[in-house]
Amino acid sequence: SAAIEVRNLTKRYGRTTAVDGLSFEVRPGRVTGFLGPNGAGKSTTMRAIVGLDRPTSGEVLVAGSRYDQLDQPLRHVGALLDVSVHRGRTVRAHLTGLARSNRIPAARVTEVLEIVGLTAVADKRAKGLSLGMAQRLGVAAALLGDPQVLLLDEPVNGLDPEGILWIRALMKRLAAEGRTVFVSSHLMSEMALTADHLIVIGQGRLLADSSVTEFVSRN
Ligand code: ADP
Ligand code: ADP
């Protein structure tokens, strides 16, 4: 069954229709790529999935519920969205705060710092981090609740080569563990390397929902 269900989602910002009657499902145990040019509506859709944007119409279910109806949401869904939210506090304090407000044991912070390779900079201020390190902090926040569903919005953007290889391997490992990985990109080349399945959108509408091999052979 589907881990994410987007049903007839529409989101308008004033006169701009960012997402226009979009429907698709994302299944567990594989990496599903969310492909589309800049401005296609990928971030808006991801924000709607984690309840950061209220849809104009339509519905989004994740882990079987609306995000705002999940008990302890970070234990079900983790998201790497806009890294600019991770500011002022130290890396560790940021994660400890998130853990506390989601009733996640503090020991998990040490674990995720290790997983993402930020142990050495745990006591540095988040805003002083390089983009690559900030991305890792975003991934740490997403992994904090050990969720079954992971959303990653353009995770390789601005990363150094080592960081890119690291995040690709991490996504594959998470999917191999049976989790749901939903990752956006505007680059077909990136999706071809990491995704098993593709949801392709343009101007807020669904253009394709197929395996990567099928999509490549048809286009
Ligand atoms: P993508 O992630 O695929 O680049 P977005 O979801 O960010 O696309 O944007 C889709 C469209 O919605 C774009 O035209 C964008 O300018 C617009 N948009 C996104 N967020 C807002 C916002 N907060 N206010 C106004 N327009 C927005
Ligand atoms: P605040 O500090 O204002 O409470 P937070 O950043 O802690 O804001 O969280 C706001 C909402 O977004 C909460 O419902 C939280 O569970 C959710 N949230 C925060 N970070 C993530 C993440 N990485 N993945 C999924 N949901 C998140």
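For the pair region 203-218 / region 1-79, the C-alpha centres are spaced 18 Å from each other.
Give, as a single signed number, the net charge of other residues whose beta carbon lies under 14 Å from the beta carbon of MET171, with Lys and Arg counted +1 and Asp and Glu -1. In short, +1. With all pairs of different C-alpha atoms in the average, the Kirkwood value for the hydrodynamic radius of the chain is 17.5 Å.
Shown is the FRET efficiency for ASN8 and ARG103, computed with R0 = 41 Å from the Cβ-Cβ distance and rounded to the nearest 0.05: 0.75. Taking a quarter of the surface of the Cα convex hull of region 139-199 gives a mean projected area of 4.1 nm². Computed from label points 7 Å out along Cα-Cβ, the spacing between ARG218 and ASP160 is 4.0 nm. When you restrict to C-alpha pairs under 8 Å that are six or more residues apart and normalise by the size of the chain, the relative contact order lands at 30 percent. GNM on the chain, alpha-carbon springs under 10 angstrom: the most fluctuating residue among SER65, SER43, SER189 is SER189.
Can you figure out the FRET efficiency of ARG66 with THR16, using R₀ = 30 Å and their beta-carbon distance, to the nearest 0.05? FRET efficiency, ARG66 to THR16: 0.80.
Just so you know, all these numbers are worked out from the coordinates, no wet-lab data involved. Just so you know, these numbers come straight off a predicted model, no measurement behind them. In this analysis, Cβ positions are derived from the backbone assuming ideal geometry, glycine residues included, and neighbour counts consider all displayed protein chains.
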